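Step one of this worksheet: look at the structure below.
All of the numbers you see were taken from the coordinates with simple rules; none came from a lab. On a predicted model such as this, the values are computed, not experimentally measured, just so you know. Here Cβ is always computed from backbone atoms with ideal geometry, including for glycine, and neighbour counts include all displayed protein chains.
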Amino acid sequence: MPNRDEAFELLKEYNGDALVTHGLAVEGTMRYFAKKYDGDEETWGIVGLLHDLDYEKYPEEHCIKTQEIMQKHGYSEEIIRAIMSHGYGICTDIEPISDMEKTLYAVDELTGLITACALVRPSKSVMDLEVKSVKKKFKTKSFAAGASREVIQKGADMLGIELSELMGEVILAMRAIAPELGLDMKE
């Protein structure tokens with residue numbers, strides 16, 4: 001199976017800066033949750049990193065093209081299935097079942113919302129972002145309208161945790177990688 005560096009090169013081959021940064025945010029968040037669920041950090045991280053591999057070049061075939069590309073590059077069925085499951089009810093009928101799959105489903109859209117919340121702050125940082133700010137923006141449907149509130153809520157429900165708790169955990173996960181995401185405090 002390809003390693004993390006090879007996965008990162010593959011992501012960059014198919015995507016521009018915005019989706020690469022999103023992939024990094026989801027990778028870091030997945031690694032954070034892998035520790036909580038006693039999962040394999042490398043596997044969870046690669047799933048997060050590559051989950052939107054095909055989105056920029058093949059938006060109409062999202063998840064489907066990823067499966068083809070990843071099979072060609074020797075990724076395991078476990079990783080491919082996890083990535084396919086994040087499109088459940090949207091572009092695939094593969095329901096998230098494992099902790100890794102449910103986590104990806106829950107955090108994908110939420111990392112985008114949290115990034116948007118951080119970028120409108122004076123600090124442009126996730127380091128001083130609080131759950132209450134994210135909850136307020138969550139209720140404003142026009143803010144970061146591309147981040148599906150329904151999917152975020154459904155993901156929290158799948159994991160069996162409160163939405164506020166999920167938001168807090170994802171903020172903490174993103175703080176750990178804030179410099180990579182350009183969301184750290186600026187001097």
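Tabulated values for the structure
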quantity: Net charge of Cβ neighbours under 11 Å - reference GLN153; Lys, Arg +1; Asp, Glu -1; calculated: -2
quantity: Computed [θ] at 222 nm, helices only, for the chain once each DSSP H run of length n ≥ 4 contributes -39500 (n - 2.57); calculated: -19500 deg cm²/dmol
quantity: Dipole of the stretch 4-181, positive end: most advanced residue of GLY146, HIS62, GLY74 [Cβ charges, Cα centre]; calculated: GLY146
quantity: Nearest-20 debye value, the chain charge dipole, Cβ charges on Lys, Arg, Asp, Glu; calculated: 980 debye
quantity: 13 Å beta-carbon shell around GLU61, net charge (K/R +1, D/E -1); calculated: -3
quantity: Karplus (6.51, -1.76, 1.60) ³J(HN,Hα), θ = phi - 60°, over the stretch 149-165, in Hz, Gly and Pro reported as x; calculated: 5, 4, 5, 4, 5, 4, x, 4, 4, 4, 7, x, 10, 5, 4, 4, 5
quantity: At R0 = 25 Å, FRET efficiency that the Cβ-Cβ distance of SER142 and GLU56 yields, to 0.05; calculated: 0.55
quantity: Residue-count net charge about ALA25 - beta-carbon cut-off 10 Å; Lys, Arg +1, Asp, Glu -1; calculated: -3
quantity: Charge dipole (the stretch 4-181, unit charges on Cβ, about Cα centre) - positive-most of MET127, ILE177, THR103; calculated: MET127
quantity: Qualifying trypsin sites (Lys or Arg not before Pro) for the stretch 113-171 [loop in DSSP, other Cβ within 10 Å: at most 16]; calculated: LYS124, LYS141
